[in-house]
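Computed from the coordinates by the stated procedures, all read-outs in this text should not be read as laboratory data. Nothing here was measured: the structure is a model prediction, and the numbers come from that model. Here Cβ is always computed from backbone atoms with ideal geometry, including for glycine, and neighbour counts include all displayed protein chains.
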Amino acid sequence: MRKAEVKRTTKETDIELKLDLDGRGVSVTDTGIAFFDHMLNGFTKHGFFDMTLKCKGDLNVDGHHTVEDCGIVLGEALKQAVGDKAGMVRYGHFILPMDDALILCAVDFCGRPYFNYDLKFNTEYCGDFETELAREFFYAVSYSAGINLHLKQLDGMNSHHICEAAFKAFGKAVDMATRMDERVSGVLSTKGSL
């Protein structure tokens, strides 16, 4: 069962997340940040994950805690859902075009967190979402999940397109990396473990 349920409560956020890696791309998200919900729906739709995410955060302060903590919880859910990673492809990559934007995403479910980020936004906000929080989200996911994550902007001017392409590319790359392959015996590593 490649599913996970994660709950996390702090003084800043209260989050519940359910994730099914082998879904159909159906998601229900309610973070209180409409644009962030839109991005998460793109991640699940294009990764074919089913996800329910509810977050009550201190949006009276700003969106930082909500976005970062959702990243932490999603990372924990990904780590839980892949389990011991036996039979899993492990690596995934995608180059996603969205109008002017062209975003590369590559992931390795190696168990060692590393994050390389190169997105450049021309606006401070997309709707009610601070664009600098995209980095905080992906950083939190990579470290919480224990994955190597590279996000590179190859082209783009429109902040909405850049951000949306990044979330969708991440979904496609994670979908590829978490697929099962009958040729993989145990985990895909010359060391025999991840």
Exercise. Per residue, what volume in Å³ does the Cα convex hull of segment 83-194 take up?
Worked result: 96
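Hey, what does the equivalent ellipsoid look like for segment 3-177, semi-axes from the Cα gyration tensor as sqrt of 5 times each eigenvalue, largest first, whole Å?
So the equivalent ellipsoid measures 21, 21, 14 Å along its semi-axes.
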Exercise. Across segment 11-127, how many lysine pairs, 8 or more apart or on two chains, come within less than 23 Å at their alpha-carbon atoms?
Worked result: 13
For this session: Could you check how many percent of all C-alpha pairs in segment 70-129 are farther apart than 12 Å?
Result: 79
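Using packing as a proxy for protection, rank 15-25, 164-174, 34-44, 122-132 so that the peptide with the highest average count of other Cβ atoms within 10 Å comes first.
Per-residue Cβ counts within 10 Å, averaged per peptide and sorted highest first, yield 164-174, 34-44, 15-25, 122-132.
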For this session: Kindly express, to the nearest 10 degrees and within the range 0 to 90, the angle between helix 64-82's C-alpha long axis and the longest C-alpha principal axis of the chain.
Result: 10
